[in-house]
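These notes concern the structure reproduced below.
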């Protein structure tokens, strides 16, 4: 259990150091806009898998992953300065597709919901959509847009 906590702490420290290096502007050409989403460290602390989410086209993703691979030696050196452990993990960069997968699922849900609403409107189950409301409840004209305070003391 304590070993697992140590791996998590070391992984978080590695993530912080690498993120700082990316923010400062890694001088390796080809690194695009990316985010470090997680770090898994092996129990013996000899390897660290760094998960990276790259924003952009497929070519930008490949370029960024290649550039990070080339910079892994320098980045390991920077991690060594910050960690102060007997063993410095070998850094391996892996593409994290969870953000991309989440965006695709969100789009699919939105499209399915829109199709269901259209089908329900076509069958007459839902009233026609009015422009300008965008799914927001609007109060009838002349009614307050919030519930009255039962104590009667209004804050101003």
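Read-outs throughout are calculated quantities, based only on the coordinates presented, and are distinct from any laboratory measurement. Since we're looking at a predicted model, the values are computed, not measured. All Cβ positions, even for glycine, are placed from backbone atoms using ideal geometry, and neighbour counts span all protein chains on display.
Here are some notes:
- Computed from the Cβ-Cβ distance with R0 of 30 Å, the FRET efficiency linking residue 119 to residue 35 stands at 0.20.
- Additional length obtainable on full extension of the chain from residue 84 to residue 58, 0.36 nm per residue less Cα span: 5.7 nm
- A simple spin-label model places pseudo-atoms 7 Å from Cα toward Cβ; at residue 42 and residue 23 they are separated by 3.1 nm.
- FRET efficiency estimate (nearest 0.05) - Cβ-Cβ, residue 8 to residue 105, R0 35 angstrom: 0.80
- Prolate/oblate/rounded call for segment 23-67, Cα gyration tensor, a/c under 1.5 rounded: prolate
- Summarising the label geometry, the points placed 7 Å from Cα in the beta-carbon direction at residue 98 and residue 70 lie 2.9 nm from one another.
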